[in-house]
Structures are given as structure tokens and as C-alpha cells.
Amino acid sequence: MSYQSLNEQLVKAIPELEGEYKKVVKWWGDEQPGPHVIFGDLLTPLLINALENNNEEFLRRAFAFIEKLAMSDDLKIQEVLSMTVLEKLIDRSSWITTAKKYMGQQTPVLAREMEIYWTARRRKN
């Protein structure tokens, strides 16, 4: 998996996003929306909805894909996951608590790093 193909890989793994993805790509016109846009605007809200509604089937599939991102050697891919998806999930303890039930081995490590980062930032302010 490469950073350049991340959006397409997401839609392949989570086909529920295909219609909205096509709309966003069309809206962007000649430019391609970056992974932070697609993951932040499409995947993250869908994940939050699934967490709030205990959609286990979707959460298992989504977090299997997310674990692949967490295991990537490409730091830009890990950054998309950490800063665009996990950062939002740690906003509410019920979301991250439920999410951790579906995470593999590496995803909780990245989630914890985000929790530590934001805790330290809040203390400085």
C-alpha cells in the first residue's frame, strides 16, 4: 500500500464510501483530494456512527483495514491514521473505548501516542 493509492485502497476496503468518494473527487475537479481529506471527511464520520450504533460487522472490517495502515512502514500513512482518524476518536472516551475492542496490535499504540500528545498539549495551555 502506498500513500498515493491510499484513497483508492480505502474505498476498496470500505465500499460503503464509494458514492461519497466519487462526489468528493468530482467536486475537487482536476485536483485529487488528499488522504487527510478523504479519511477525515468520509471515513471518520462513518466510524463514529458505527461506534455509536455498535455496528460490529462494519467496525471489524474498518479496523482490519486501519490495522494495515498502522503497520505500514510509510510514516505518511501512519500520520493519516493518527492525525486524521485516531485524533478524532480520542475526543470522546466512549468512542475510543469501543474502538479499542476492534483494534489490532499496532493501532492502540498509535492511539495511545495521540492521547499522550494531546494530554501534554492541554497541560501546556
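Compared with the alpha-carbon gap, the fully stretched path from Val25 to Met71 is longer by 13.9 nm at 0.36 nm per residue. Using just its DSSP H runs of length 4 or more, each adding -39500 (n - 2.57), the chain gives a mean residue ellipticity at 222 nm of -18500 deg cm²/dmol after division by all residues.
Each Cα pair under 8 Å and six or more residues apart adds its separation to the average, and for the chain the resulting relative contact order is 25 percent. As I understand it, the dipole of the range 3-124 uses +1 on the Cβ of Lys and Arg and -1 on the Cβ of Asp and Glu, about the Cα centre. Which of Pro108, Leu10, Pro35 lies farthest toward its positive end? Ranked along the dipole, the leading option is Pro108. Going by a ≥ b ≥ c, the root eigenvalues of the Cα gyration tensor, does the range 65-125 fall in the rounded group (a/c under 1.5), the prolate group (a/b larger than b/c) or the oblate group? Since a/c reaches 1.5 but b/c is at least a/b, the shape of the range 65-125 is classed as oblate. Put simply, the C-alpha atoms of the chain give a gyration tensor, and the ellipsoid matching it has half-axes of 23, 17, 14 Å, longest first.
Bear in mind these aren't lab numbers, they're just calculated from the coordinates by the rules spelled out. Since we're looking at a predicted model, the values are computed, not measured. All Cβ positions, even for glycine, are placed from backbone atoms using ideal geometry, and neighbour counts span all protein chains on display.
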